[in-house]
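Below: the structure, in structure tokens.
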Amino acid sequence: MRGWLLAVATVVGLSLLVVGPPAVPAKPWTIGVSYQNLAFPYVAALQKAAQNACKALGTTCVEADAFNDTEKELKNVESMLAKGIDCLAFEAASLKASSASIAAANKKTVPVVQFNGKAEGGAYVTFVGSEQPESGAQLGVYLTQLYKTLGKSTLRGIYLRGVAGQITDIARNDGLKNRLKAENLLDKISFTEQHADYDRGKGQSVTESLLTRDKNYDFIVANNDDMILGALQVVRQFKLGGRIHLAGVDGLPEALEAIEKGELDATVFQDPEGQGGGGIWGCYLALSGVKLPKDILIPFKLVTKANVNEFMAIAKRVYVK
């Protein structure tokens, strides 16, 4: 019964992670799992969720880390295919170049379930994840609210971008700018943009460099929580708390705790259980003959002090210190 309920939940695009083992024993399938870069805390949380799903289903999961390198990603996938995996759960590192890994699986007639990072090109069964432009759009919602709250004619801010050219960074930037354009705020909210590679230390150093030269900013937003937490260290150092407003993306436990303390205004929560666990469940259901929709979308949620407690439980289950 639980397996059936999860199948139904999957098809209608609800949260996918395990509520318990399936009603019938899993077949001895082997699922290959390819991750973008496990150095990123969110991707590590995806891995924990995927491992939980593998354990619950009793399937063998073979994992590989692309380290954000599409050549390594392809070699990893080819190695897993040579070992005889039955399905590839694939988190693409690149919008374009990662299609080579999907094509390799297609050539071996191994079904592909994409999760979190979605590549263009190649045949795949389903994509389980979130529409990354929506995370940027939620940052845009936050900035729109901030603009109205502060009551200034214009706002100046720092925008910490991720890895230049990387699929998620491009999508989040597009979502943010498009949302501000829709709100007619592009000429009222200006950015100093720098890439900080999703890295906390780089987020801190970039912010320190910028604020040392000019402290007259209203906000800092970042395309992930690690960078905004690095920026927060600088804001604390320069005693600018309450004057410069901060928001990130992901919903890391530290970010949620900073929201509780009032040091961070907001984050945009994406669900690692729905995406990481969903990638494994997608493979399991596809191999079981369940026809899945082309996209199983897990919504982003804007988290503020008003609703932060709702997201703490999920974060604590999959983020391992």
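A compact table of results
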item: Enumerated helices (runs of 4 or more DSSP H) restricted to segment 230-321, each holding at least 3 residues that are crowded, with 19+ Cβ neighbours inside 10 Å, within 22 Å of the chain's Cα centre (by Cα) and in the same structural domain as Thr149 (by TED's automatic domain parsing); result: 253-261
item: Some residue of segment 250-257 being modelled with pLDDT under 95 and within 20 Å of Ala119 (Cβ to Cβ); result: no
item: Answer residue from segment 119-136, given it is surrounded by 23 or more Cβ atoms within 10 Å (Cβ to Cβ) and more than 14 Å from the chain's Cα centre (by Cα) and is nearest to Phe191 (Cα to Cα) among those; result: Ala119
item: Selected residue (criterion: surrounded by the fewest Cβ atoms within 10 Å (Cβ to Cβ)) from residues of segment 81-104 that are in contact (Cβ under 8 Å) with a residue 40 or more places away in the chain and over 24 Å from the mean Cα position of the chain (by Cα); result: Lys83
item: Any hit, segment 106-114, residues being basic (Lys, Arg) and part of a helix (DSSP H, G or I); result: yes
item: Meets criteria (surrounded by 23 or more Cβ atoms within 10 Å (Cβ to Cβ) and either part of a helix (DSSP H, G or I) or not polar (S, T, N, Q) (or both)) for Val62; result: no
item: Filtered residues of segment 123-147 (kept if out of contact with any strand residue (DSSP E or B) (no Cβ under 7 Å at 6 or more places or on another chain) and either more than 23 Å from Gly274 (Cα to Cα) or among the acidic types (Asp, Glu) (or both)); result: Glu134, Gly140, Thr144, Gln145
item: Considering residues of segment 159-183 that are farther than 21 Å from Gly251 by Cβ and not in a helix (DSSP H, G or I) only, the residue modelled with the highest pLDDT; result: Glu183
item: The one condition in (1) under 22 Å from Leu38 (Cα atoms); (2) in the same structural domain as Gly203 (by TED's automatic domain parsing) that Ile102 fails to fulfil; result: (2)
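The values are calculated or read from the model by the stated rules, or taken from the named source; none is laboratory data. Worth saying up front: this structure is predicted, and the values here are computed from it rather than measured. For neighbour counting, all protein chains shown are included, and Cβ atoms are generated from backbone atoms with ideal geometry for every residue, glycine included.
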